[in-house]
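Quick note: the coordinates plus some simple rules give every number you see, no bench work behind them. Note that the coordinates shown come from a computational prediction; the quantities given were computed from them, not determined experimentally. Note: ideal-geometry Cβ built from the backbone for every residue, glycine included; neighbour counts use all protein chains shown.
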Amino acid sequence: MMYQQHSPYHGRRVLVAGGTGMIGIPLVRTLLTRGAQVTVVSLEKEDYAKALFGPTIRFFRGDLTQYTTCEKAVEGQEYVFNLVGIKGSVGIGVKRAASYFVPMLRYQSNLLEAAYRMRVSRYLFVSSICAYPPSALHEEDNLWNGLPKQNDRYAGIAKRVGEIEAETYLHEYQWDAVRIVRPSNVYGPFDDFNSATGQVIPALIRRVLDGERPIRIWGDGSVIRDFIFSQDVVDGLLLAVEHAPPCFPVNLGSGLSTTIKELAEIIVAESGVNTTIEWDPSQPSGDPIRLLSMERAKKTLGFCPSTSLTDGIRQTLQWYTTNRELAHERKNLLSA
């Protein structure tokens, strides 16, 4: 493995909480290429982590809703990336409200407190687009201009609490380690490809390749989303740790409007499968529009995603085709 000797991460002791998730895996791999000494904490088994990252990776298996686990995981670390989260399709955040809300509050608070006590010098908190109130364009300073959408209120409010908790440590203790990012709809290899629980891109990819004819999709295809490839998010996370001011939230998205109809057509075209798409307007499809303003990310971080939606879909399809058995075995654990 080639290391970047002049990387700011070279030789750093870095903990990645949720390091076996869709964003965590490319983040850990990128940190390793930059010479970081990475520890992964996850609910997965150690053998799985070693298979992903190699035998030299430091691995800590534990439940981060327990404070003692967080303290043991954080001890001796310089940087902490909190990627722990619960992903899911439209409606899961309502049907499994307590399963979303209560653990999120626990691990956010426990990991933050442990990092503060251990005097971690950088702490990255991954918030979410779902924390925003309804709006045609989500700008960072508008987060508190109303409540999150009804179907996202539990996860969205939990993420808001995580952000405001970080601010309290800055204001009372002058602990300036925390950086905050708000990704849009992230997709890529190692996603949740379960058609019942996965988000729109991995769920559609599986349904198309599993031979569903025709493909029936909730809504009329007109809702707009902002999609960003997982490796682009990783690039943004690393830039945020290096360049963002403390507790200064930064959006990470493409800034591009894509309708679900356009998305579905790209997936079908890139799959090479001969099928048709049918829409069901009687079923819910989520907020009419979710688009992130990227002005702050460009100005503050110099961030601009490099993967087009078509290229990202192509890479995700290729990974799923090659790793279908692994994708089907993966559980939707508490990891982003």
Checked against the positive end of the charge dipole of the stretch 46-155 (+1 on Cβ of Lys and Arg, -1 on Cβ of Asp and Glu, about the Cα centre), the farthest of Leu111, Ala49, Pro134 is Ala49
Classify the stretch 245-308 as rounded, prolate or oblate, taking a ≥ b ≥ c as the square roots of the eigenvalues of its Cα gyration tensor: rounded when a/c is under 1.5, otherwise prolate if a/b is larger than b/c and oblate if not. oblate
Looking at the chain, what % of its DSSP beta bridges pair antiparallel, to the nearest 5? 10
Helix-only mean residue ellipticity at 222 nm, the chain, DSSP H runs n ≥ 4 weighted -39,500 (n - 2.57), per residue, nearest 500. What is it? -11500 deg cm²/dmol
Excluding residues on the same chain fewer than 8 positions from Lys149, give the aspartates and glutamates whose Cα lies under 13 Å from its Cα. Asp287
Please arrange Asp235, Asp226, Asp311 by how many other C-beta atoms lie within 10 Å of their C-beta, fewest to most. Asp311, Asp235, Asp226
1/(1 + (r/R0)^6) with r = Cβ-Cβ of Asp176 and Asp210, R0 = 51 Å, i.e. FRET efficiency to nearest 0.05, evaluates to 0.55
Can you give the FRET efficiency to the nearest 0.05 for Gln66 and Ala269, using r as the Cβ-Cβ distance and R₀ = 35 Å? 0.15
Relative contact order for the stretch 13-329: what percent, with Cα pairs under 8 Å and sequence separation of 6 or more? 17
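At a 10 Å Cβ-Cβ cut-off, how would you order Phe60, Phe81, fewest neighbours first?
On the way: Phe60 18, Phe81 29.
So the ranking, lowest neighbour count to highest, is Phe60, Phe81.
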Net +/- balance of residues flanking Glu278 in space, Cβ distance below 14 Å, scoring K and R +1, D and E -1: 0
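Take the cross-link list Lys45/Lys261; Lys159/Lys298; Lys50/Lys159 and give me the ones stretching past 32 Å between alpha-carbons. Please report the intermediate quantities before stating the final value.
Working: Lys45/Lys261 38 Å; Lys159/Lys298 23 Å; Lys50/Lys159 30 Å.
Exceeds cut-off: Lys45/Lys261.
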I'd like to know which of Ile289, Gly76, Thr275 lies farthest towards the positive end of the charge dipole of the chain, counting +1 on Cβ of Lys and Arg and -1 on Cβ of Asp and Glu. Gly76
Tell me, Arg324, Arg179 in order of fewest to most beta-carbon neighbours within 10 Å? Arg324, Arg179
Unit charges on C-beta of K, R, D, E only; dipole of the stretch 55-196, Debye: 460
Using a Förster distance of 30 Å, the FRET efficiency for Arg119-Thr33 (Cβ separation, nearest 0.05): 0.65
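Explain nothing, just the number: dipole magnitude of the chain about its Cα centre with +1 on each Lys and Arg Cβ and -1 on each Asp and Glu Cβ, in debye rounded to the nearest 20.
Working: 36 positive and 36 negative charges, 111 e Å.
Using only the charged Cβ atoms, the result is roughly 540 debye.
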Relative frequency of Cα-Cα separations exceeding 29 Å in the chain, percent: 35
